[in-house]
Amino acid sequence: MVVHQLADREVDRIFRALADTTRRDIFERVIGQGLSVSSLANEYEMSFAAVQKHVSVLERASLVTKERQGREQIVHGNVPTLRRATALLEAFEGIWTGRAARIAEILGEEGSET
Amino acid sequence: MTIISTVTDPEVLSLTVVAEFAASPERVWGVWEDPRLLERWWGPPSYPATFTRHDFAVGGESRYYMTGPEGDTSHGYWRMVAIDAPKRLEFANGLAGDDGEPVRDVEPMAAFVAFELIDGGTRMTALTTFVDEAQMKKMLDMGMSEGMTQAVSQIDGLL
């Protein structure tokens, strides 16, 4: 598959931070609602410290903010609307480029029939 | 197959993907019209789609579900708005409940697909427009991980 023009587009920095599955998952969880680091930590089979580290990477990419509430640190998604929309559109883009690749496979297989 | 371009417009919430195939427009049209071919590409490999109904006529509706790695299913539907074989089709693509019937409180996505005869094949342009972020998120729950993974791997290649 050849991808043209993608390089011409401004690549959103957030995808560096989102290259990791766990961080992507954390980010998805906190987009709509604030969650404490400890409740996030409960969701993964890794240490509290490891989850905290992932949160820090997201924080450095300005994808999340942390807010202290009593003894808890609440993680909020922090994505300006356009960046959030871009991220969502990128996800659909992935879906469609995958579809195009599969269509090409189907057409290739049946090429001898035409 | 060549992806010619992908354009995302976050201001109006639209996505345009242009791809070229080394096959006639009739054959490319066929992968949309024939539900057995359609279900081989509509869903990602981790969430293959099964079309239980595919009324490929104006006003006609389709019902499908996607099956995840753990046997989980999510349902969706199409409603055909315009069909001009083998040049253009337009349909609404929405969420359905566990009973397979459309969920009314989530607006469907609008899809416009054009097929052009080009030298040596077909250029297919697929435009999807969205209503708002809430709708996009709900729709993404169907095969979310796959889409994100692919988008991210493309971006990673450029960094």
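Within the stretch B:29-57, being farther than 19 Å from B:Val81 by Cα and within 7 Å of chain A (Cβ to nearest Cβ) holds for B:Leu37, B:Arg40, B:Trp41, B:Pro44. Being out of contact with any helix residue (DSSP H, G or I) (no Cβ under 7 Å at 6 or more places or on another chain), farther than 25 Å from A:Gly94 by Cβ and acidic (Asp, Glu) is a condition met by at least one residue of the stretch B:37-56.
Looking across the stretch A:65-106 at every residue that is touching a Leu at 6+ places or on another chain (Cβ under 8 Å), more than 13 Å from chain B (Cβ to nearest Cβ) and surrounded by fewer than 21 Cβ atoms within 10 Å (Cβ to Cβ), the one that is nearest to B:Val12 (Cα to Cα) is identified as A:Asn78. The test for being more than 14 Å from chain A (Cβ to nearest Cβ), touching a strand residue (DSSP E or B) at 6+ places or on another chain (Cβ under 6 Å) and aliphatic (A, V, I, L, M) does not hold for B:Val17.
On inspection, A:Ser62 does not qualify as at pLDDT 90 or above and more than 9 Å from chain B (Cβ to nearest Cβ). Restricting attention to the stretch B:102-122, the residues being in a strand (DSSP E or B) and under 17 Å from the mean Cα position of the chain (by Cα) number 8. The sole residue among B:Thr149, B:Thr125 that is under 18 Å from the mean Cα position of the chain (by Cα), modelled with pLDDT of 80 or more, over 19 Å from B:Pro10 (Cβ atoms) and surrounded by 14 or more Cβ atoms within 10 Å (Cβ to Cβ) is B:Thr125.
Being surrounded by fewer than 17 Cβ atoms within 10 Å (Cβ to Cβ) and either among the polar types (S, T, N, Q) or under 19 Å from B:Gly121 (Cβ atoms) (or both): is that true of B:Thr73 here? Considered against the rule, which asks whether it is surrounded by fewer than 17 Cβ atoms within 10 Å (Cβ to Cβ) and either among the polar types (S, T, N, Q) or under 19 Å from B:Gly121 (Cβ atoms) (or both), B:Thr73 comes out as yes.
The values are calculated or read from the model by the stated rules, or taken from the named source; none is laboratory data. Predicted model, so just to flag it, every value in this text is computed and none were measured. Every residue, glycine among them, receives a Cβ derived from its backbone with ideal geometry; neighbour counts consider all protein chains shown.
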